[in-house]
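Okay, structure first, notes after.
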Number of protein chains: 2
Amino acid sequence: MSTIDLPQDFAALKTLIAGRAGVMPRRLAQVAAYALEHPDEVAFGTVASIAEHAVVQPSTLVRFAQSLGFEGFSDLQEIFRDRLRERLPNYAERLQNLRAHAQSHAKTSLIFDGFSEASEKSIRDLRERLDPAMLEKSVERLSGAETIYLIGLRRSYPITAYMAYAFGKLGVKTLLVDARGGLAAEEVGFASKQDCVLAFSFTPYASETVALTQAQAARGIPLVAITDSPFSPLANLSDVWIEVQEANFEGFRSMAATLALAMTLTVAVAERRGKM
Amino acid sequence: MSTIDLPQDFAALKTLIAGRAGVMPRRLAQVAAYALEHPDEVAFGTVASIAEHAVVQPSTLVRFAQSLGFEGFSDLQEIFRDRLRERLPNYAERLQNLRAHAQSHAKTSLIFDGFSEASEKSIRDLRERLDPAMLEKSVERLSGAETIYLIGLRRSYPITAYMAYAFGKLGVKTLLVDARGGLAAEEVGFASKQDCVLAFSFTPYASETVALTQAQAARGIPLVAITDSPFSPLANLSDVWIEVQEANFEGFRSMAATLALAMTLTVAVAERRGKM
DNA sequence: TTCTATTTAGAATATATATTCCATATTGAC
DNA sequence: GTCAATATGGAATATATATTCTAAATAGAA
């Protein structure tokens, strides 16, 4: 059996197994049925534990994997694990798959696919993980502010730039702190305790963002932080902070989840303001 | 340490780790940060492989787990595995819960839901509609340029700001045309036929973007346009243009699809450049 | 039925993996 | 600075795990 037509993802594996369902020896068919019915067990279990559940011998699992063309059971198990971790195949793997299936697509489309998937995954993850109470607290704090100071550099700058624009249209007073004129520290220095700082920073945390935010926190200016880990230098500066982790493709992190969150904050704050 | 207060699920684990983030020894903090950032790797990896990725010794992982009260690393790993097990089958359920929960509790969560769905829909739509041939042409034209002039104002400014940042990191020469100093027309006037203009504009097309782009097209500068309709004033300025329609929530259009496209162009152009 | 080709069970083995241990390094209090 | 307490690196070890192997069982063809 050649290595070329090995299934690379769960869908392909299912197809392969379904195609052979009729001509499989009894015990192998038993394994196949169990595997498709309990994919989680297969992903996490050991050969021994899975064999026990499927009521076969451990060696049967190995033979099953080999009969599908895998070298051993571990290779087959990887497919089940990838399914759970929703691993986005990287560019090189995509190209390989493409060649294997001889479909003629454009290379750039693959890259677009990758970024689309990263965006979708990021949003899905944040939907599951976002803490509604903390979101509410953020909106409350921001809507209480006279002026919102937006701090975000490098990768986070597009986010704050968007918010400055949208808040502007909605009549919420903001100050976009950028490092352009080298006056960032002076600008944000005008913030008072009636204002609020909204800071964005992600690994590797831009030192200027961290320094500016720390300085304001030390002065007792209310702060809302958006960052990617409890270990972020922004996380321990404020009791109100939101964790956002973006998936990446080829090392380029999506911004889709952060942007959706930014839009949410913008609209929610404007709406609450309007009611007061 | 007693066994009683051991975290039983991922959320509790995160809380526990976040609480100790400040008072953790260096290497243990390093493990904690890695674990929260790459929960999938921790779920599936071996002590050796995880240690390698986190750049610590295998024994550090065991000590980390023990410092949290677990008997060994394997017990801790179970929490990470449970997290993945729960997710896939219950996803639809969780979404429903989120909606139900949001309705009773927090209005802001509903807004976030709305923006998430708009983002997901936008990306899905673009994946279906994007013409690979036109995408390829865009990459070709952009990668042939000496300098890429990025034009995008208002809602499109975050996109061009992102591209300017990412292109910069990748060593591709760009000029971000913004209206800050009122010098946009002069800046973009330096463009030559060896360069390329990449313009973004969506309804209602910002007059300045349209004017700047028209002027350059009239001078014969190569142009790639990203816009939202064949009737856009940008669409008939260039034979190379891409249509992107974003879904909106409460009148606020998503930017997820445009951003995924922008990332694609950035990476594809940089890659093609690298090969020449 | 009889014979042959497959398939299977289970033990044996080789490999991978988590954990422990201890000498060395680092940190923090005085 | 000095000392004690704590943390770390890396080798050693015990354990778990996948895989292989062989005799026995089963199925299929004549």
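Does the range B:3-20 include one or more residues that are at positive phi and within 12 Å of DNA strand D (Cβ to nearest atom)?
Residues of the range B:3-20 that are at positive phi, as a first pass: none.
No, because not a single residue in the range B:3-20 is at positive phi and within 12 Å of DNA strand D (Cβ to nearest atom).
Please list, ordered by first then second residue, the pairs with beta carbon atoms under 6 Å, 6 or more apart or interchain, first in the range B:256-274 and more than 7 Å from every other protein chain (Cβ to nearest Cβ), second buried (at least 24 other Cβ atoms within 10 Å of the Cβ) and hydroxyl-bearing (S, T, Y). Cβ pairs passing all conditions: B:A257/B:S122.
Please verify whether B:L76 is away from DNA strand D (no atom under 14 Å from the Cβ), closer than 20 Å to A:S229 by Cα, at pLDDT 90 or above and not β-branched (V, I, T), treating the condition exactly as stated. First the steps, then the outcome.
Values: away from DNA strand D (no atom under 14 Å from the Cβ): yes; closer than 20 Å to A:S229 by Cα: yes; at pLDDT 90 or above: yes; not β-branched (V, I, T): yes.
For B:L76, the condition - away from DNA strand D (no atom under 14 Å from the Cβ), closer than 20 Å to A:S229 by Cα, at pLDDT 90 or above and not β-branched (V, I, T) - is met.
Within this structure, A:F200 fails the test of being under 18 Å from B:A18 (Cα atoms), of a type in the set (F, W, Y), buried (at least 17 other Cβ atoms within 10 Å of the Cβ) and within 14 Å of chain B (Cβ to nearest Cβ).
Here A:H53 clears all of (1) surrounded by 14 or more Cβ atoms within 10 Å (Cβ to Cβ); (2) more than 12 Å from DNA strand C (Cβ to nearest atom); (3) in contact (Cβ under 8 Å) with a residue 12 or more places away in the chain except the condition numbered (1). Picking from residues in the range A:74-90 that are over 15 Å from A:I17 (Cα atoms) and within 15 Å of DNA strand C (Cβ to nearest atom), the one that is nearest to the other protein chains (Cβ to nearest Cβ) is A:R81.
The values are calculated or read from the model by the stated rules, or taken from the named source; none is laboratory data. The shown structure was predicted, so the numbers you read here are calculated from the model rather than taken from an experiment. We place every Cβ from the backbone using ideal geometry, glycine too, and count neighbours over all the protein chains shown.
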